[in-house]
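The values are calculated or read from the model by the stated rules, or taken from the named source; none is laboratory data. Since we're looking at a predicted model, the values are computed, not measured. With ideal geometry, Cβ positions are generated from the backbone for all residues, glycine too; neighbour counts draw on all protein chains shown. To get the accessible areas, we keep the full protein, side chains included, count just its heavy atoms, and leave off ligands, DNA and RNA. Shrake-Rupley method; radii C 1.70, N 1.55, O 1.52, S 1.80 Å.
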Amino acid sequence: MSVTEMFSYIQGFLSADQDIREDIRKVVQGLEQTAREILTVLQSVHQPTGFKDIPSKCLKARELFCTVRNHTGELKTKFPVEQYYRYHELWRFVLQRLAFLAAFVVYLESEALVTREEVAKILAIEVDREKGFHLDVEDYLAGVLILASELSRLAVNSVTAGDYGRPLRISNFINELDSGFRLLNLKNDPLRKRYDGLKYDVKKIEEVVYDLSIRGLAKEQEAGEEK
């Protein structure tokens, strides 16, 4: 093979790779748009009247996840299965965002932590990498950490809305989450930096709970619930 032929072959390879990346980007744009729509629906819970209508907001978000599943189904067809990590950076951010949104919906519905398996099911992708397009464990963890930041904001806004019991439950949840992450030996630099932010979320929520306790509002809420 001559030098010209060799470089022509390389150019063909590069062109084919660029075509795959462009096809992936088009699908990812659709995922990003749907993710923004879901976020818009869920962000409304932060409004003073938002707490009264949480079930319908979660239902609307789950309906939009149907569109997400259509996109992930299309995304799976755009690249060879064995080359998942070759193109991973193209959808990593939006997948982390979708993992957060799935976690937020599940928390609002049950005040429980979504599992990686549940997120994968909501997104219609796999858990095991051997099965193809899957939810990488670090992408799942990144989504959970975004959830922690969102809940610290929810704790503050729930006080504004007069829901004084919710910050206490959020505090317990976030403390359990923090304890769980402390068990992990995080090697991923972006993930470790995001985990550092969890410490500030814990502190922010603790300040909210402390303020409620010294004002006696938390006890008033508990007494009202017992009645």
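One table, with the values for the structure above:
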quantity: Of all residues making up segment 108-125, the number that are charged (D, E, K, R) and either in contact with a Gly (Cβ under 7 Å, 6 or more places away or on another chain) or within 11 Å of R69 (Cβ to Cβ) (or both); calculated: 1
quantity: The lone exception for K52 - which of (1) more than 25 Å from H134 (Cα to Cα); (2) among the basic types (K, R); (3) within 21 Å of the chain's Cα centre (by Cα) it fails; calculated: (3)
quantity: Output for segment 105-160, where each listed residue is under 17 Å from R92 (Cα atoms) and outside any helix (DSSP H, G or I); calculated: A124, I125, E126, V127, D128, G132, F133, H134, L135, D136
quantity: Residues of segment 181-203 satisfying the condition of being open to solvent by 30 Å² or more (accessible area, probe 1.4 Å) and assigned to a helix (DSSP H, G or I); calculated: R182, D189, P190, R192, K193, R194, D196, K199, Y200, K203
quantity: Subset tally (residues that are loosely packed, with under 14 Cβ neighbours inside 10 Å and outside any helix (DSSP H, G or I)) for segment 27-80; calculated: 5
quantity: Where a residue in segment 7-28 is in contact (Cβ under 8 Å) with a residue 60 or more places away in the chain and more than 18 Å from R92 (Cα to Cα) and its partner, wherever it lies, is open to solvent by 50 Å² or more (accessible area, probe 1.4 Å) and of a type in the set (D, E, K, R), with Cβ under 8 Å and at least six apart; calculated: none
quantity: Residue check, L108 surrounded by 13 or more Cβ atoms within 10 Å (Cβ to Cβ), among the aliphatic types (A, V, I, L, M) and under 13 Å from the mean Cα position of the chain (by Cα); calculated: no
